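Beneath this line is the structure, given in structure tokens, with notes to follow.
Readers should treat all values here as calculations from the given coordinates under stated rules, not as data from a laboratory. Computed from a predicted model, the values in this text were never measured in an experiment. Don't worry about glycine lacking a Cβ; one is built from the backbone with ideal geometry, like all the others, and counts go over all protein chains shown.
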Amino acid sequence: MTGWLRRNWLTLLLTIVGVGAAAGAFVIGIQAGAAQGIRQLLLIAAGSALTGLGIVLAAVESFRRERAKRSAEQVAQAAEESLMLTLNGAMAPITSYLGELAVTRDKSTRRLLVGQVLQAAVDAAVRLTTPNARSTYYEYDPAHNVLNRVVWGGRSSMPRAQFVTGTADGDLVIGLVRSGEMVFIRDIEAETSVLPRTDGYRTLIAVTVTAGSQRLGLLTVDSPVPGDLTEIDKELVRVLGNLLAGGIAQV
């Protein structure tokens, strides 16, 4: 209640004074009708002054609300512009490397560019989601049915290097890749089937990177703070996975 009063004291004061002025003008108008001579003139003048005060206060409050509305619109516009700048800044390296890939024929140069695309993608995933994020790309080796870490970015704790079959968590993650699906878990402590639980995160997005029916790898974003990732983040990671597929498939 105290916080509300601090934020709205001026609006409350203007409202009270405005209502008081309107009520006073109404009462004085009644009294002026029954008065005569100088007293009547004084009451009429007082009533006019109160009416004018009420109009002025209403105008002031209207101006304040309009200014607040414009300020909110300006804040929203600034936030939108900031988001667009962030998106452009995060995506620009990826699209630049993909453009080079499209016109490069040398195989060693193309492999180098793919590596740059991968690093740019995990960096973008971190930049576009949460300050606590860590993003990793794992390459899928179908011959040995394993996932190997290729690049990562974000917070300093290193993600695990490999997922292999024959282990509970390895079978789970590799099964996700082979199915071509994605997963978004807000809090792994609330999901009894999610493994591993000792890799330094509580919330996770994992997207299978595919080119047609071919399973190329897994792009992940995680955070140690449950609820830190959102549905919007999931869609952003999905887009990054699609971009990766376009680059990797060219090698």
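Neighbour counts of other C-beta atoms within 10 Å: give me PHE184, PHE163 arranged from fewest to most.
PHE184, PHE163
Over all distinct Cα pairs, what is the inverse of the mean 1/r for the range 104-248, reported as the Kirkwood hydrodynamic radius in Å?
15.2
For THR95 and SER157 in the same chain, what is the full-extension length gain: residue separation times 0.36 nm, less their Cα-Cα distance, in nm?
This chain segment gains 19.5 nm when fully extended.
Give the relative contact order (percent, whole number) for the range 104-248; include only Cα pairs under 8 Å separated by 6+ residues.
24
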